[in-house]
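Below: one structure, written as structure tokens.
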Amino acid sequence: MDFFKHKEQAIRTSRYLVFLFVLGTIGVLAIIYLFIFGYFTFSYGTLEQAWVAMNMYRIEMAILGGVVALIIVGGTLFQVSRLSKGGTAVADILKARPVSPQTRNPGEQKALNVVHEMSIASGLTKIPKLYVMDGEDSINAFAAGWHEDDAVIGLTSGAMEHLSRSELQAVVGHEISHIQNGDMYLNIKLMGIIFGLLILTYMGSFVIRNALYGSMISGNRSRTDPRALIVILILGTGLIMAGLVGMVLGNIIKAAISRQREYLADASAVQFTRMPQAMEGALIKIRDMSRTKNRNHLNNPNAEQASHMFFTEAVSKFESLFATHPPIEDRIRRINPDYGRE
């Protein structure tokens with residue numbers, strides 16, 4: 001396996017997917033304009049007249065686009081500000097607890113030693129803090145933070161219990177690769193952007209709910225303009241649809257970015273450990289656990305928003321399109337091309 005070739009390919013693809021994410025954000029504005037155009041078509045009866053009306057209100061359309069963009073940016077900045085503490089903030093959201101360097105728990109001490117070993121092997125300038133997700137029997141891990149200085153590595157209690165030392169080294173090396181390659185910064189930005197896009201859905205629901213409630217109040221019923229109500233309902237519906245479209249596009253692109261970077265992190269972990277069989281063994285254990293009563297999904301209710309940060313799929317997905325990680329079998333074959341051959 002040519003690890004450097006896989007690194008270069010994954011990095012190029014990730015940059016392209018980030019560009020697609022920006023296009024998806026622009027697509028949200030396009031959805032809003034399409035809803036407005038649909039309303040004008042309904043009101044004036046023809047596409048030509050609807051287009052004339054759009055041109056008549058082009059200044060208002062530009063202002064609306066600017067307002068929507070500000071809402072998305074504001075929601076993004078709000079979420080990012082919540083994560084300003086870096087890895088510690090993400091660990092808190094996931095209800096992970098810090099492991100003391102003075103711990104006397106053998107499993108925790110082994111994990112601390114592995115984090116130190118793999119940090120040195122990778123050339124990190126600072127050892128990440130270790131966190132544990134108690135009560136999670138699944139095999140999983142995450143890396144979070146803005147940069148090396150505030151980076152943390154989280155392990156599920158199941159990872160420490162079920163993995164051998166060499167397999168744990170492979171998993172931790174994978175997460176350290178995310179720190180070394182700057183994936184954490186991108187992951188937190190993606191969390192903020194997706195939250196910003198989702199705000200439109202919340203606003204649309206608020207607009208529709210208040211319009212309907214207002215029209216049903218006896219004191220306002222006679223004064224309610226049916227056409228104004230239709231405009232408000234169309235606006236609210238457009239916001240909801242735009243938010244949903246933005247969320248879907250964001251999750252698709254987030255998943256695609258994450259999948260490419262998982263291949264990169266797997267290759268890097270093998271470089272750090274020089275033991276491809278350790279990474280293969282960890283992935284096989286995860287695969288086998290996933291086939292047993294779906295045991296490898298996390299119980300934490302906040303796992304969804306950080307699903308792209310984990311070592312493997314953390315939550316159940318109905319469609320593979322939204323999976324944040326490549327199929328386990330594909331990851332194993334990247335490590336061992338002879339896997340599954342007779």
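Going by the structure shown, is A91 modelled with pLDDT of 90 or more, closer than 16 Å to Q169 by Cα, assigned to a helix (DSSP H, G or I) and of a type in the set (A, V, I, L, M, F, W, C)? So A91 does not fit the description; no. Would a scan of the range 291-299 turn up a residue that is outside any helix (DSSP H, G or I), more than 26 Å from S166 (Cβ to Cβ) and touching a Gly at 6+ places or on another chain (Cβ under 8 Å)? Yes: the range 291-299 contains one or more residues that are outside any helix (DSSP H, G or I), more than 26 Å from S166 (Cβ to Cβ) and touching a Gly at 6+ places or on another chain (Cβ under 8 Å).
Pairs meeting the criteria (first residue in the range 188-210 and of a type in the set (A, V, I, L, M, F, W, C), second residue outside any helix (DSSP H, G or I), beta carbons under 9 Å, at least 6 apart or on different chains) are I188/L83; I188/G86; I188/A144; I188/G145; I188/W146; M191/L83. The test for being outside any helix (DSSP H, G or I) and crowded, with 17+ Cβ neighbours inside 10 Å holds for A143. Right, D149: under 20 Å from L186 (Cβ atoms) and either part of a loop (DSSP other than H, G, I, E, B) or in contact (Cβ under 8 Å) with a residue 12 or more places away in the chain (or both) or not? The answer is yes for D149.
If only one of T41, T46, T76 is under 16 Å from G246 (Cα atoms) and of a type in the set (S, T, Y), which one is it? Even if it seems obvious, please write down each step before you answer.
On the way: T41 fails: under 16 Å from G246 (Cα atoms); T46 fails: under 16 Å from G246 (Cα atoms).
Testing whether each residue is under 16 Å from G246 (Cα atoms) and of a type in the set (S, T, Y) leaves just T76.
Scanning the range 303-340 for residues that are among the aromatic types (F, W, Y) and either outside any helix (DSSP H, G or I) or at pLDDT 85 or above (or both) turns up F310, F311, F318, Y339. Scanning the range 99-125 for residues being surrounded by 13 or more Cβ atoms within 10 Å (Cβ to Cβ), hydroxyl-bearing (S, T, Y) and over 27 Å from the mean Cα position of the chain (by Cα) gives a total of 1. Checking each residue in the range 278-293 for being over 24 Å from the mean Cα position of the chain (by Cα) and either in contact (Cβ under 8 Å) with a residue 12 or more places away in the chain or crowded, with 17+ Cβ neighbours inside 10 Å (or both) picks out A278, E280, G281, I284, K285. Residues considered: A228, A267. Of these, the only one that is assigned to a helix (DSSP H, G or I) and either within 30 Å of G74 (Cα to Cα) or modelled with pLDDT under 70 (or both) is A228. Among the criteria (1) within 20 Å of N187 (Cβ to Cβ); (2) in a loop (DSSP other than H, G, I, E, B), the one D137 does not fulfil is (1).
On the given criteria, is Q180 among the polar types (S, T, N, Q), in contact with a Ser or Thr (Cβ under 9 Å, 6 or more places away or on another chain) and either within 23 Å of L298 (Cα to Cα) or at pLDDT 90 or above (or both)?
The answer is no for Q180.
If you go through the range 153-180 and keep only what is within 21 Å of the chain's Cα centre (by Cα) and either surrounded by fewer than 24 Cβ atoms within 10 Å (Cβ to Cβ) or of a type in the set (K, R) (or both), you end up with just Q180. So, A53, is that one modelled with pLDDT of 80 or more and over 21 Å from L244 (Cβ atoms) or not? Yes. Pairs meeting the criteria (first residue in the range 107-120 and free of Cβ contacts under 8 Å to residues at least 12 places away in the same chain, second residue of a type in the set (S, T, Y) and not in a helix (DSSP H, G or I), beta carbons under 7 Å, at least 6 apart or on different chains) are Q109/T103.
Residue check: is G65 in contact with a Phe, Trp or Tyr (Cβ under 9 Å, 6 or more places away or on another chain) and buried (at least 18 other Cβ atoms within 10 Å of the Cβ)?
Working: in contact with a Phe, Trp or Tyr (Cβ under 9 Å, 6 or more places away or on another chain): yes; buried (at least 18 other Cβ atoms within 10 Å of the Cβ): no.
No; evaluated as a whole, the condition is false for this residue.
The values are calculated or read from the model by the stated rules, or taken from the named source; none is laboratory data. Since we're looking at a predicted model, the values are computed, not measured. With ideal geometry, Cβ positions are generated from the backbone for all residues, glycine too; neighbour counts draw on all protein chains shown.
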